[in-house]
Amino acid sequence: YCCVCFGDTETPENPYVCCSRCGCVVHKYCYGVDQVPANPSDWLCDYCRYVEENHLPWKGEELSCPLCYYTGGAYKQTVNGRWVHALCAVWSSEVKFGDEIHMRNVSGIDTIPDSAFKYKCCLCHKTGSYVIKCMHSICSKRFHPICGRRNGLRMEWVENEGLQAFCDKRGKIGRAHV
């Protein structure tokens with residue numbers, strides 16, 4: 001499944017691509033892949049391409065997303081050289097992409113208020129990392145975007161309304177899609 005939307009289907013217009021170095025799988029549009037190579041084993045995610053182009057040792061298992069507790073997955077580089085999960089960046093309202101088509105030049109992580117990190121995730125029960133609030137008007141539950149995806153919560157793009165996310169009580173579905 002896609003590391004960004006956790007979707008388990010692909011289409012000819014939006015195929016999966018798999019990084020030949022770290023093995024992360026993403027949809028073309030979920031990760032901002034410009035061109036799917038004719039030989040799929042030629043594709044590298046942004047982090048692995050950065051490592052290769054700069055002749056650096058690969059430390060993917062050591063990467064730590066500044067917005068969550070999890071390692072692995074599909075990362076995007078921030079304007080100040082850090083690496084953040086594409087999924088976490090998309091779901092953080094403060095984070096912006098300088099290049100939205102390719103999901104590059106991530107900024108705004110430093111503008112996230114400390115209060116966004118103080119709430120407990122209703123799914124993993126951890127505090128200290130970025131959580132989003134259930135969109136239901138009477139609900140106060142909060143969860144990490146990655147926990148929401150892993151638990152099949154309803155997290156989607158709604159035309160003319162933007163991103164919508166609901167807790168396990170208000171919107172559990174099979175696998176969620178953006």
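The values are calculated or read from the model by the stated rules, or taken from the named source; none is laboratory data. Not measured: the values here are computed from a predicted model. Every residue, glycine as well, gets a Cβ built from its backbone with ideal geometry; the counts of neighbours run over all protein chains shown. When the accessible area is computed, the model is the full protein with side chains, heavy atoms only, and any ligands, DNA or RNA have been set aside. Shrake-Rupley method; radii C 1.70, N 1.55, O 1.52, S 1.80 Å.
Please enumerate the residues belonging to segment 62-73 that are surrounded by fewer than 23 Cβ atoms within 10 Å (Cβ to Cβ) and touching a helix residue (DSSP H, G or I) at 6+ places or on another chain (Cβ under 9 Å).
Hits for segment 62-73 are 63, 66, 69, 70, 71, 72, 73.
Let's see how each residue does on (1) closer than 23 Å to residue 24 by Cβ; (2) touching a His at 6+ places or on another chain (Cβ under 7 Å); (3) of a type outside the set (S, T, N, Q):
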| position | (1), (2), (3) |
| --- | --- |
| 74 | yes, yes, yes |
| 83 | yes, no, yes |
| 92 | yes, no, no |
| 98 | yes, no, yes |
| 106 | yes, no, yes |
| 125 | no, no, yes |
| 141 | no, no, yes |
| 150 | yes, no, yes |
| 154 | no, no, yes |
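Using the structure shown, decide if residue 4 is touching a residue at least 60 places away in the same chain (Cβ under 8 Å), among the β-branched types (Val, Ile, Thr) and closer than 26 Å to residue 95 by Cα.
Considered against the rule, which asks whether it is touching a residue at least 60 places away in the same chain (Cβ under 8 Å), among the β-branched types (Val, Ile, Thr) and closer than 26 Å to residue 95 by Cα, residue 4 comes out as yes.
Can you name every residue in segment 129-160 that is without any contact (Cβ under 8 Å) to a residue 12 or more places away in the chain and assigned to a loop (DSSP other than H, G, I, E, B)?
Listed by number, the residues that qualify are 137, 138, 140, 159, 160.
Tally the residues that are touching a Phe, Trp or Tyr at 6+ places or on another chain (Cβ under 8 Å) and modelled with pLDDT under 90, restricting the search to segment 97-116.
Residues flagged as touching a Phe, Trp or Tyr at 6+ places or on another chain (Cβ under 8 Å) and modelled with pLDDT under 90 within segment 97-116 amount to 1.
Which numbered condition in (1) surrounded by fewer than 16 Cβ atoms within 10 Å (Cβ to Cβ); (2) in contact (Cβ under 8 Å) with a residue 40 or more places away in the chain is the only one that residue 80 fails?
Against the list (1) surrounded by fewer than 16 Cβ atoms within 10 Å (Cβ to Cβ); (2) in contact (Cβ under 8 Å) with a residue 40 or more places away in the chain, residue 80 comes up short only on (2).
So which of 85, 102 is within 24 Å of residue 23 (Cβ to Cβ), surrounded by 18 or more Cβ atoms within 10 Å (Cβ to Cβ) and touching a residue at least 60 places away in the same chain (Cβ under 8 Å)?
Just a single option satisfies the conditions, and that option is 85.
Might you let me know whether segment 33-51 holds any residue that is open to solvent by less than 80 Å² (accessible area, probe 1.4 Å), more than 20 Å from residue 129 (Cβ to Cβ) and of a type in the set (Gly, Ala, Ser)?
There is at least one residue in segment 33-51 that is open to solvent by less than 80 Å² (accessible area, probe 1.4 Å), more than 20 Å from residue 129 (Cβ to Cβ) and of a type in the set (Gly, Ala, Ser).
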